[in-house]
Amino acid sequence: MTELIKNYIGGEWRPAQSGATFTTINPATEAVIADVAKSGVEDVSAAIEAAKRAYPKWRLLPAPRRGEILYRVGQLLIERKEEIARLMTQEMGKVIAEARGDVQEAIDMAFYIGGEGRRLLGYTAPVEMPNKFGMALRDSVGVVALITPWNFPIAIPSWKSLPALIAGNTVVFKPASDTPALGAAWAKVFQDAGLPEGVFNLVLGPGGVIGDALAEHPDVRVISFTGSTEVGYGLYARAARRGKKVSLELGGKNAIIVMDDANFDLAVEAILWSAFGTTGQRCTATSRLIVQRGIRAKLTEALVERAKQLKLGDGLDESVQVGPLVNAKARENVHRYVEIGKSEGARLLCGGQYAEGRGFFYLPTIFDNVTPQMCIAQEEIFGPVLSIIEASSLEEAITINNSVAYGLSSSIFTENVNAAFRAIRDLTTGIVYINHGTTGAEIQFPFGGTRGTGNGMREAGLTALDTFTEWKSVYVDYSGRLQRAQIDTDAILSGS
Ligand code: NAD
């Protein structure tokens, strides 16, 4: 009998009210990690109720005090970095160095946004009447719901939870069903940091049931969702009918452009890292290589040779470079796209099949002769599959980059500063890299994308608080008389 991972509601660890459970497994070994509470609508209601009860007190706690709790969260994450990273590798498969980076991102966010406790900046502006004062303040919203994917199981919850909390909201958090133990580890950090009961609540279980309950509940004012475009849009439509604010961070179909004048060795390293790191399961993963004609053959040859040498295996082994896909279904999905690519006429250069042995491993795969409109060049595959597309010029490369339904990240390798600045101007993605792959965002800049990647919201950076705050405009009239804005202005100026 394995340990039961429970919900964290109102400061207590509780099984699902129905007693139902599901299991979580290690994708590298297929061993069962734990049994997990499989929550229903009644558990969601209890979590929302707990968050609602905790809200009035939490919102009135001075923000600098809230910030001190977040600093403690950051300190605990530092102490638990290795332990959480190892759990991450076991629960979702990313290699240990990347798992440490995932936790580090949450540490960075804790200290960055903890500082907002002494800012949460609003502003004042002159007003049109004498003896009157105006200011705009950021206000908390109430109970917010956070729904996250499994691929950055600590970093993404941190981008949402920490800004939500510093702004004075209380939280109901629903992590992905593939990473419940990490969801519980995240909640435990808040418990141990001394966050008051009910301020942060965890509900584990199936996305459909829990997501619907969160979208329908009148006491949830904001939903912040990261995941697939299909699920995100469904949730958005449902929540919109109840007038909720929804922030969406969805899929990607990111490309690296390599120009003939690129630093060749640097481009090779960056492409391998961006395409096959996290087994291609990053929202910012490179799945298209748009390469200028003159460098194409040499680059293709180098990439194939290096991709074949990548070491697959259990990510707890420090020498492993590529872990498994997250589960059997994900691997089937990747293979389905590979079959589609072949049927579309793309040329398979390496990979294209399951790796032998236990675990959900898939060989790093490269397709050549891909055209921009092929399905494998348009749809998010979310696996270790790179499609090579030729372009004759910078303009054509940028057009190809922009011609997909997503707009998260893009990159160009060139030594020509004019080409780099044209690319910055014309690439229509939320993130643009010059001489770096498509991954590697830092938390002090906005994160998110255009088109089908979202709905115009951004996480992190100066935008981190936008989802989790409402603006409140305040006018203080200390004239002692009725001064009607837009009406009495002239009279006041003439002294009458
Ligand atoms: P997913 O959409 O299957 O699941 C995401 C979350 O939604 C999970 O917690 C899941 O349980 C929940 N969910 C499932 N059905 C739901 C429903 N009907 N209502 C509400 N919630 C529901 O995505 P995934 O497979 O976990 O993650 C991979 C996807 O996430 C990829 O498309 C990837 O590009 C995207 N992603 C985007 C970003 C970004 O910032 N843009 C970052 C990471 C991942």
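The values are calculated or read from the model by the stated rules, or taken from the named source; none is laboratory data. All values reported here derive from a predicted model rather than from experimental measurement. No Cβ is skipped: glycine too gets one built from the backbone with ideal geometry, and neighbour counts run over all protein chains shown. The accessibility values were calculated without ligands, DNA or RNA, using every heavy atom of the protein model including side chains. Shrake-Rupley method; radii C 1.70, N 1.55, O 1.52, S 1.80 Å.
log10 I(q)/I(0), Debye, Cα-only the stretch 310-388, no solvent, q = 0.18 Å⁻¹? Here the Debye-derived log intensity ratios amount to -0.70. Backbone N atoms of the stretch 391-422 closer than 17 Å to the 7 Å Cα→Cβ label point of THR463 belong to residues 406-411.
Projected label points at LYS311 and ASP477, each 7 Å from Cα along the beta carbon direction, are separated by 7.4 nanometres.
Placing a label point 7 Å from the Cα of GLU42 along the Cα-to-Cβ line, the residues of the stretch 181-206 whose backbone N sits under 16 Å from it are 204. Loop-located trypsin sites (Lys or Arg not before Pro) across the stretch 349-436 with a Cβ neighbour count of 15 or fewer within 10 Å are ARG358, with loop assigned by DSSP. Normalising by residue count, the stretch 240-332 has a Cα convex hull of 173 Å³ per residue. Bridges between two residues of the chain, per DSSP, are antiparallel at a rate of about 40%.
Among 462-474, 65-77, 279-291, 377-389, the peptide with the highest mean count of other Cβ atoms within 10 Å heads the list, and the full ranking is 279-291, 377-389, 65-77, 462-474. Each Lys and Arg Cβ is given +1 and each Asp and Glu Cβ -1; about its Cα centre, the chain then shows a dipole of about 1140 debye.
Of the two radii for the stretch 194-304, the radius of gyration is 1.20 times the Kirkwood radius, both from the alpha carbons; that is the Rg over Rh value. The MET135 and GLU68 beta-carbon pair, evaluated with R₀ = 25 Å, returns a calculated FRET efficiency of approximately 0.45. What percentage of the solvent-accessible surface of the stretch 422-496, computed with a 1.4 Å probe over protein heavy atoms, is contributed by carbon and sulfur atoms? C and S atoms contribute 55 percent here. Averaged per residue, the chain has 40 square angstrom of accessible surface, using a 1.4 angstrom probe with ligands and nucleic acids left out.
In this structure, the pairs whose alpha-carbon distance is over 28 Å, taken from LYS52/LYS160; LYS6/LYS160; LYS57/LYS81; LYS174/LYS253, are LYS57/LYS81. Across the alpha-carbon atoms of the chain, the computed radius of gyration and Dmax are 24.6, 90 angstrom. For the stretch 1-19, there are no residues whose amide N sits under 20 Å from a probe point set 7 Å from the Cα of LEU60 along the beta carbon direction.
Just to confirm my numbers, what's the Cα centroid distance between the stretch 328-393 and the stretch 169-235 in Å? Measuring centre to centre over Cα atoms gives 32 Å. A P(r) calculated from all alpha carbon pairs of the stretch 254-434, with 5 Å bins opening at zero, reads 1, 9, 19, 22, 21, 15, 8, 4, 1, 0 percent. Here is what passes the span test in the chain: the DSSP H helices with alpha carbon length of 15 Å or more along the helix axis and a Kyte-Doolittle mean of -1.0 or above are 41-60, 63-92, 96-114, 155-166, 180-192, 229-240, 264-276, 293-309.
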